[in-house]
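Enquirer: Below you'll find the structure I mean.
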Amino acid sequence: MSKHHVSTTINGEPTEFLCEPQLTLLDVLRDELRLTGSKEGCSSGDCGACSVTVDGRLVCSCLMLAVEAEGKSIETVEGMAKGHDLHPLQQKFLEHAALQCGFCTPGVLVASKALLDRNPDPTETEVRYWLAGNLCRCTGYDKIVRAVMDAAAEMRGASV
Ligand code: FES
Ligand code: FES
């Protein structure tokens, strides 16, 4: 099958790849570009483990064809830390022990960042509603929500 040439931007870096037309963005991120932070949980848009942002919109990369990334700006969990400096959300997830097996964590972090980029001061209800598409089999969600609220407060310069 012939391959398509795609030019995109991933985590701020101009990126080009060749891909077959049926491959998903998640396939290419993980198998071609070796960005394995995004996880494949369900392949059907139900678990959120594959979450990335595309031009600032939160999407399930398992539901997007890789060729649709042409000309787009993609952000993955690998783009959150700056060198050795963790994003405040990552730091608060560690402090609150908001992960156990960690499989859901990249998607939850990407989704949480997308929320705080839109709404720096969400209520607990808003956090829970926003993260309803990110399934976690381990934590019971409370620690995740506390970590997001704490990160939001820190990013606003407030304390909780
Ligand atoms: S792997 Fe994409 S939503 Fe589950
Ligand atoms: S920490 Fe295991 S699925 Fe969320």
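The values are calculated or read from the model by the stated rules, or taken from the named source; none is laboratory data. What you see is a predicted model, and the numbers here were worked out from it, not measured in a lab. Heads up, the Cβs are rebuilt from the backbone with ideal geometry, glycines too, and the neighbour counts pull from every protein chain shown. Ligands, DNA and RNA are stripped out before the accessible areas are found, and what is left, the full protein with its side chains, is counted by its heavy atoms. Shrake-Rupley method; radii C 1.70, N 1.55, O 1.52, S 1.80 Å.
Enquirer: Going through the stretch 126-160 one residue at a time, which ones are over 24 Å from residue 45 (Cα atoms) and in contact with a His (Cβ under 7 Å, 6 or more places away or on another chain)?
Expert: Selection gives 146, 147, 150.
Enquirer: Residues 75, 16, 40, 68: which one is surrounded by 14 or more Cβ atoms within 10 Å (Cβ to Cβ) and in contact with a strand residue (DSSP E or B) (Cβ under 7 Å, 6 or more places away or on another chain)?
Expert: Numbers: 16 fails: surrounded by 14 or more Cβ atoms within 10 Å (Cβ to Cβ); 40 fails: in contact with a strand residue (DSSP E or B) (Cβ under 7 Å, 6 or more places away or on another chain); 68 fails: in contact with a strand residue (DSSP E or B) (Cβ under 7 Å, 6 or more places away or on another chain).
Exactly one residue qualifies, and that residue is 75.
Enquirer: Considering only residues of the stretch 136-160 that are under 18 Å from residue 104 (Cα atoms) and open to solvent by 90 Å² or more (accessible area, probe 1.4 Å), which is farthest from ligand 2 (Cβ to nearest atom)?
Expert: Once the filter is applied, the top-ranked residue is 146.
Enquirer: Inside the stretch 43-52, can you point out the residues that are at negative phi and either open to solvent by 50 Å² or more (accessible area, probe 1.4 Å) or within 12 Å of ligand 2 (Cβ to nearest atom) (or both)?
Expert: 44, 46, 47, 49
Enquirer: A further question on this structure: Of all residues in the stretch 56-65 being in a helix (DSSP H, G or I) and open to solvent by less than 40 Å² (accessible area, probe 1.4 Å), which is nearest to residue 108 (Cα to Cα)?
Expert: Filtering first and then ranking leaves 61.
Enquirer: When both residues are 6+ apart or on different chains and their Cβ atoms are under 7 Å apart, which pairs have a first residue that lies in the stretch 89-103 and is not assigned by TED's automatic domain parsing to the domain that holds residue 114, and a second that is open to solvent by 90 Å² or more (accessible area, probe 1.4 Å)?
Expert: Taking only residues 6 or more apart or on different chains, not a single pair turns up.
Enquirer: Restricting attention to the stretch 99-110, and to residues there that are closer than 13 Å to residue 147 by Cα and not β-branched (Val, Ile, Thr), which single residue is farthest from ligand 2 (Cβ to nearest atom)?
Expert: Once the filter is applied, the top-ranked residue is 109.
Enquirer: Residues 94, 86: which one is more than 16 Å from ligand 1 (Cβ to nearest atom) and in contact with a helix residue (DSSP H, G or I) (Cβ under 8 Å, 6 or more places away or on another chain)?
Expert: Going through 94, 86 in turn, the sole match is 86.
Enquirer: Determine if the stretch 120-136 includes at least one residue that is over 15 Å from residue 51 (Cβ atoms), among the aromatic types (Phe, Trp, Tyr) and part of a loop (DSSP other than H, G, I, E, B).
Expert: Looking for residues that are over 15 Å from residue 51 (Cβ atoms), among the aromatic types (Phe, Trp, Tyr) and part of a loop (DSSP other than H, G, I, E, B), one finds none in the stretch 120-136, hence no.
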